Each structure stands twice: as C-alpha cells, then as structure tokens.
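**Student:** Can you keep this structure in mind? I'll have questions shortly.
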Amino acid sequence: MSALQPATPPAAASGWSERWARQVDRWMTSPALGRWAGRSVFTRWLVRRRSRELFDLMAGFVHSQVLLGCVRLQLFERLAQRPHTLEEIAARARVPAPHLQRLLDSAVALRLLEPRGERRYGLGPLGAPLAVHAGIRDMVEHNATLYRDLHDPLALLRDPDGAQMHAWWPYTDHQDGSAQPAAPSDQFARYSALMASSQRFVIDEMLDSHDFSRHRQVLDVGGGLGGWVCALARRYPHLSLMHLDLPPVSALAAQRIASDGLSARIACHPGSFLHDPLPRGADLVTLVRVAHDHPDAAVRRLLRAIHDALPVGGELLLAEPMAEVDGQPATPDPYFHFYLLAMGSGRLRTPAELMHLMTEAGFEGVRRLSGHQPVHATLLSGQKTRCLPLEPGTSVNKE
Ligand SMILES: C[S@@+](CC[C@H](N)C(=O)[O-])C[C@H]1O[C@@H](n2cnc3c(N)ncnc32)[C@H](O)[C@@H]1O
C-alpha cells in the first residue's frame, strides 16, 4: 500500500526547451533582476501578483483555521438568519470581543463574512454556500483530522499508514479482497454519514450531465448510504435500481431507502466488489467517488467486473474528482493528492489515466462528459460493445 515504487528516471526535456527553462530559472532567481522587475512599470504588476500568490500559499493554513473557527461557532447558519454584532457573537462564543474581532475581520478579508455597519457582520459571498450546505461544513470539520496528519508533511509521505485519517476508512486495509474489513460498524456509519452529506453536489452534477431516461436498470457500485440511487428513483419513476456496498454500509443504506419509501424500487446487495460477483441486469453502472479510493490493480479488477456484468450495449458512468482536469495541474489537486495518501490506498488520477483504465477493461467510446464543477466531480462514460474472452481462472457468474 505505502510501499515505495521503484522510480524510473523521468526523461529530461529536449535540448532547447531545457536550456530555455534553465535560463528563465537564472533570471527569476537573480536578486538584481528581481529588484529591477519590482520597480519597472512593465513588470511590477507581475511581481506584485506573484508576491501575493506566494503569501497566500504561506498563509493557507491560517485561512483554513479561520474557516474552521467560523464553522465551529455556527456563524454561517446564524448570520444567514440575520446580521449579528461583535458583542452578540462574542457572548455566545464565550470569547473576549477584541480577540473574536480578529477572527471576524479575518473572515471578512477572506470574503466569508461581510461588514454590515460598525462592529456588525453578515454573510459574505463565500460564506453563503457554507450557510446552505451542511456537507461543506462537515468537510471543514473533518479536514481537521487531515491537517493534524499534515503537520509534518514529510513524515506523512514517509509513513502514510501512520495517518489518523487512515483509521477513518477501514476498507482501505483490505485491497487484496482477501477479507472483509472487520472494523466496528460505527466506523462504517461515520464515513458513510460524511459521504452522504457531501454527495449532493455530485448528484446534481450527474443529473445535469447524462440522460438517464434512456436506461432501464441502474446499479450503483460503492453507493454509500444510497443518496444517489434515491435521487435517481425520484427523478426517473421508470427506473429500477440496485445498490451495492460492503455489508455494514448496505444495511444502513437499506434503512435509509426504506425510510424514503423506495424499497420496492431499489434492491440492496451487500458484498465486496473486490471478491463477490456483481449483480447482473443493469444496463447502466455508476461508480461515484469509488475508484480514487483504490490502487490501480483493484480498479482494473473492478472495471473488468463491471464490464463483465453489463449486457452488450450497457454503459459505465464514472464520477469523481480528478487531477489536471483542464489539462494542467490545478489548485484543488494538492488537497486530493494528500487526502488520498492519508486515507491509505488510492490516488488521484487524471481523466486520461481513468479513460485508459476503462479502455483496458474493455469499454469503448470512452469520453468525458461536460460538467460544471470539476471540483466536485468529473464524469466519464464508456460503452460495452462486445463480450470479452473470460480471464483465466474466472468462472461464469450465473446470477
Ligand atoms: C468514498 S465512498 C463514496 C460513496 C458514494 N458513492 C458517494 O459518492 O457518496 C466509497 C464507497 O465505496 C464503498 N466500498 C469500498 N470498498 C468496497 C468494496 N470492496 N466493495 C463494496 N463497496 C466498497 C465504501 O463502503 C463507500 O461507501
């Protein structure tokens, strides 16, 4: 899992571009040139912008702690009701007003809050979504665990299995499919509740990006508490649905589905996709925020099992956050790189890497669907156009 991979030395850039890049390095690290660039009317805007970007990088931890402080004081929910004065907030928080003012003014600087008169605060443009979505607030609180793991980034890189985040995700210890995770059931309930509260954004993204009316039966693999299948059932009354997750999660999903009155339309299949056969019959399989939790070998096995379970003409829809979605590394990437490392077994993949894995598993016409918010998920789809020969040692699943 955390074993070091033998590194293949990467190829150096070709002669010209390498020499040019080295020359730029020399210019950018020259103190004399730096002083000149900071004064010149042609370049000082660039120097100012880079200094600010670098400062923000250095201060990023403080920014996320300001956000955490506001979440813990339930400020966004309260300010959505009405603006509050500094004294009101301080009395409720039991924090001396002059100290609390530093938090509130910092939140104003970060556009989480907005001043509404003298020592009076309301919601800012970035605070409004936090007032509306409990899922974002839950993730902010949950990130406190990740940031504790990250207090020494090199220690985390050297020993990711020592991360506290690892204990949050019991199934990341069982990637070989040899055994069911035997963690207490409250561990499954804890991560499932977190996933359920953050799934709403992905659900909206998926409903907007694909035409589900042309399907008959959908199987959601690793479906968590069933929010996605319930949303599909409500939006598309003709669909019949199946949900598969590990037994403790499947039991919780079955309860939720029953309380939504959807048990007649959604069948729950407890099991592990790493060593149980997938249920047959669906003409669409969805895989939502699942592949990134698993190493390449497990994802290969899962994609191949999905391909085998689909009829010819069937389709796979895969949705999760991906790296370099606009063709180059972007600022959301580091969060997912480190989260998945601390979690214990998966990795953030680019759309191209996932498309390659899907193609390898036998899917054709693999493509990226247009979406609105890649920070929540990027969507890929692929079709099964023919049956592949059975892999050696595989038996035919008669289910
Ligand atoms: C990150 S959660 C995503 C849940 C849901 N799809 C969502 O987007 O909220 C990954 C899910 O995969 C499930 N899972 C992990 N390993 C599994 C396995 N071997 N077999 C079946 N489900 C598994 C987990 O229990 C969990 O519900």
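**Student:** Which trypsin sites (Lys or Arg not before Pro) from the range 79-167 combine a DSSP loop assignment with at most 10 other Cβ atoms within 10 Å?
**Tutor:** Sites meeting the loop and neighbour criteria: Arg94.
**Student:** Follow-up. How fast does the range 264-399 diffuse by Stokes-Einstein, in µm²/s, taking the Kirkwood radius from C-alpha pairs at 25 °C and 0.890 mPa s?
**Tutor:** For the chosen part, D equals 156 µm²/s.
**Student:** Can you give the angle from 0 to 90° between the axis of helix 296-309 and the longest principal axis of the chain, with both taken from C-alpha atoms, to the nearest 10?
**Tutor:** 40 degrees
**Student:** Simple spin-label model, 7 Å along Cα-to-Cβ: Ser14 to Val312 in nm?
**Tutor:** For the pair Ser14/Val312, the computed spacing is 4.4 nm.
**Student:** While we're looking at this one, here's another question. Can you give the angle from 0 to 90° between the axis of helix 351-360 and the longest principal axis of the chain, with both taken from C-alpha atoms, to the nearest 10?
**Tutor:** Around 10 degrees separate the two axes.
**Student:** Taking 0.36 nm per residue of sequence separation and subtracting the Cα-Cα distance, how much length would be gained by fully extending the chain between Arg367 and Thr385, in nm to one decimal? Can you show the working numbers first?
**Tutor:** Details: separation 18, 0.36 × 18 = 6.48 nm, distance 1.45 nm.
Contour length minus Cα-Cα distance gives 5.0 nm.
**Student:** Hey, another quick one. Output needed: percent of Cα pairs per 5 Å distance bin for the range 241-298, bins running from 0 to the one holding the longest distance.
**Tutor:** 4, 16, 24, 28, 18, 7, 2, 1
**Student:** Something else: Suppose the chain between Ser40 and Ala264 were pulled fully straight at 0.36 nm per residue; how much longer would it get relative to their current alpha carbon spacing? Mind showing how you got there, number by number?
**Tutor:** Numbers: separation 224, 0.36 × 224 = 80.64 nm, distance 7.13 nm.
Gain in length upon complete extension: 73.5 nm.
**Student:** What percent antiparallel are the DSSP beta bridges of the range 112-264, to the nearest 5?
**Tutor:** Approximately 40 percent, going by the DSSP bridge assignments.
**Student:** The range 89-130: Rg/Rh from Cα coordinates, Kirkwood Rh?
**Tutor:** Using only Cα positions, Rg/Rh for the range 89-130 is 0.97.
**Student:** Between Leu388, Leu75, Leu219, which gets the highest mean-square fluctuation from a Gaussian network model of the chain, Cα cutoff 10 Å?
**Tutor:** In this elastic network of the chain, the residue with the biggest mean-square fluctuation among Leu388, Leu75, Leu219 is Leu388.
**Student:** Using a simple spin-label model with points 7 Å from Cα along the Cα→Cβ vector, what separation in nm is obtained for Ala167 and His99?
**Tutor:** That separation, rounded to one decimal, is 2.8 nm.
**Student:** How far apart, in nanometres, would the label points at Ser213 and Arg82 be if each is projected 7 angstrom from Cα along the Cα-to-Cβ direction?
**Tutor:** Between Ser213 and Arg82, the label points sit 4.6 nm apart.
**Student:** What is the percent of Cα-Cα separations in the range 26-132 that go past 16 Å?
**Tutor:** Cα-Cα pairs of the range 26-132 separated by over 16 Å account for 63 percent.
**Student:** To continue, here is another question. How far is helix 185-198 tilted off the main Cα axis of the chain, in degrees rounded to 10, range 0 to 90?
**Tutor:** It works out to around 70 degrees.
**Student:** Now a separate question. Tell me, what ³J(HN,Hα) does each residue in the range 139-155 have, in order and in whole Hz, if you take phi through Karplus 6.51 cos²θ - 1.76 cosθ + 1.60 with θ = phi - 60° and put x for Gly and Pro?
**Tutor:** 5, 4, 5, 5, 4, 4, 5, 4, 6, 5, 5, 8, 4, 10, x, 6, 4
**Student:** Can you tell which of Gln101, Gln383, Gln23 shows the greatest fluctuation in a Gaussian network model of the chain with Cα springs below 10 Å?
**Tutor:** Sorting by GNM fluctuation, first place goes to Gln23.
**Student:** Could you pull the Cα extents of the chain along its three principal axes, largest to smallest, in whole Å?
**Tutor:** 72, 63, 40
**Student:** Provide Rg over Rh for the range 170-383; use the alpha carbon set for both Rg and the Kirkwood Rh (inverse mean inverse pair distance). If you can, show how the numbers build up before the last one.
**Tutor:** Numbers: Rg = 16.0 Å, Rh = 17.2 Å.
On the Cα set of the range 170-383, Rg over Rh gives 0.93.
Read-outs: derived from the displayed coordinates by stated rules, not from any lab. Fair warning: this is a prediction, and the values are worked out from it, not measured in the lab. Ideal geometry is used to build each Cβ from the backbone, glycine not excepted, and the neighbour counts take in all protein chains shown.
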